[in-house]
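I have placed the structure first, in the form of structure tokens, so that the comments after it can refer back to it.
The values are calculated or read from the model by the stated rules, or taken from the named source; none is laboratory data. Because the structure is a prediction, the values reported are computed rather than measured. All Cβ positions, glycine included, derive from the backbone under ideal geometry; neighbour counts span all protein chains shown. Calculation scope for accessible area: heavy atoms of the full protein, side chains included, ligands and nucleic acids excluded. Shrake-Rupley method; radii C 1.70, N 1.55, O 1.52, S 1.80 Å.
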Amino acid sequence: MTYGKKLREQIAGPETTPLIGVHDMYSASIAAEHYDGMFVSGFGFAASYYGLPDIGFIAWPDMVAFVQRLRGAFPRHHLLVDIDDGYVDPEVACHVVEGLERIGASGVILEDQKRPRRCGHADGKQVLPLAEYLAKLEMVLATRQDMVVVARTDATDENDILHRAETLAATGADVVLVDGVRSVDWIRRIRKVVGDKPLLFNQIAGGKSPRLSLGELSELGVDVAIYSTPCLFAAHQAMHSALADLRAADGRLPAVDTTNGVGVATATQLLERNIARLRPQAQGVNA
């Protein structure tokens with residue numbers, strides 16, 4: 001069974017499928033301990049790999065190389081990849097989709113933003129003419145073999161949101177995402193216009209969308225929830241706190257809590273599990 005088919009079957013289930021945003025191999029290693037699906041977040045990758053905001057700096061070879069490392073370490077996890085606007089050109093978008101599918105990505109998200117692009121929960125977003133985006137989307141759909149394709153709109157005008165959502169639902173895309181949805185009422189309105197097409201909801205701390213549980217999202221008819229930044233923002237807060245404490249202690253490291261703390265042994269054990277996933281299970285041998 002292909003990675004795309006596995007994710008598609010998961011999405012078709014009765015409950016909302018969570019995909020956790022990861023920004024590097026260490027965050028992915030921790031996410032893999034808790035969830036069976038990951039979202040390769042453009043926000044997180046731009047921050048982690050370049051130290052830059054998510055406004056169009058990502059180069060596609062860097063993203064493909066990261067996904068290849070992820071798939072090597074996590075052969076059984078879902079991997080949904082943010083490819084922004086397909087890196088502008090439709091031919092590039094198709095080339096990237098071919099490469100990602102070859103290395104085992106489960107799916108991609110293709111947006112309709114115009115450059116300079118923005119995080120989906122930022123102000124100042126502009127969208128391509130719908131016909132231009134649809135032409136790019138159709139080329140991507142014709143290129144993929146079986147991977148999941150999420151059609152995303154960043155429209156902000158209320159009439160345009162509903163029109164684009166309905167139009168995207170009528171394409172061959174597997175899932176529709178309207179990013180930056182501002183209320184539960186708007187989730188219901190979008191759910192209505194997309195009909196039977198699976199719907200994705202993007203949750204980001206401090207973003208424009210309401211904070212909702214998976215149970216609440218299931219009741220609203222949301223099929224997939226991506227959590228773009230919990231790992232990134234938790235790391236930001238924890239590192240800031242740890243270094244402030246280190247400075248206050250004149251550089252003396254704190255003692256490691258042997259039950260719940262993280263030291264060299266805990267970190268090494270986490271990373272060793274990435275190797276163990278690739279090995280066949282040991283079989284008992286009779287003497």
Q: Go through region 7-61 and give me each residue that's open to solvent by 20 Å² or more (accessible area, probe 1.4 Å), farther than 22 Å from D84 by Cβ, part of a helix (DSSP H, G or I) and not β-branched (V, I, T).
A: R8, E9, Q10, Y26
Q) Among the residues of region 112-147 satisfying the criterion of being within 28 Å of T229 (Cα to Cα) and polar (S, T, N, Q), which is most open to solvent (accessible area, probe 1.4 Å)? A) Q126
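Among the residues that make up region 245-252, is at least one of them touching a residue at least 12 places away in the same chain (Cβ under 8 Å), assigned to a loop (DSSP other than H, G, I, E, B) and either acidic (D, E) or surrounded by 10 or more Cβ atoms within 10 Å (Cβ to Cβ) (or both)?
As a first pass, look at region 245-252 and keep what is touching a residue at least 12 places away in the same chain (Cβ under 8 Å): none.
Scanning region 245-252 turns up no residue that is touching a residue at least 12 places away in the same chain (Cβ under 8 Å), assigned to a loop (DSSP other than H, G, I, E, B) and either acidic (D, E) or surrounded by 10 or more Cβ atoms within 10 Å (Cβ to Cβ) (or both).
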Q) If you go through region 132-189, how many residues are of a type in the set (D, E, K, R), touching a helix residue (DSSP H, G or I) at 6+ places or on another chain (Cβ under 7 Å) and farther than 22 Å from V40 by Cα? A) 3
Q. Counting only residues that are out of contact with any helix residue (DSSP H, G or I) (no Cβ under 6 Å at 6 or more places or on another chain) and not in a helix (DSSP H, G or I), which one in region 86-107 is least open to solvent (accessible area, probe 1.4 Å)?
A. D89
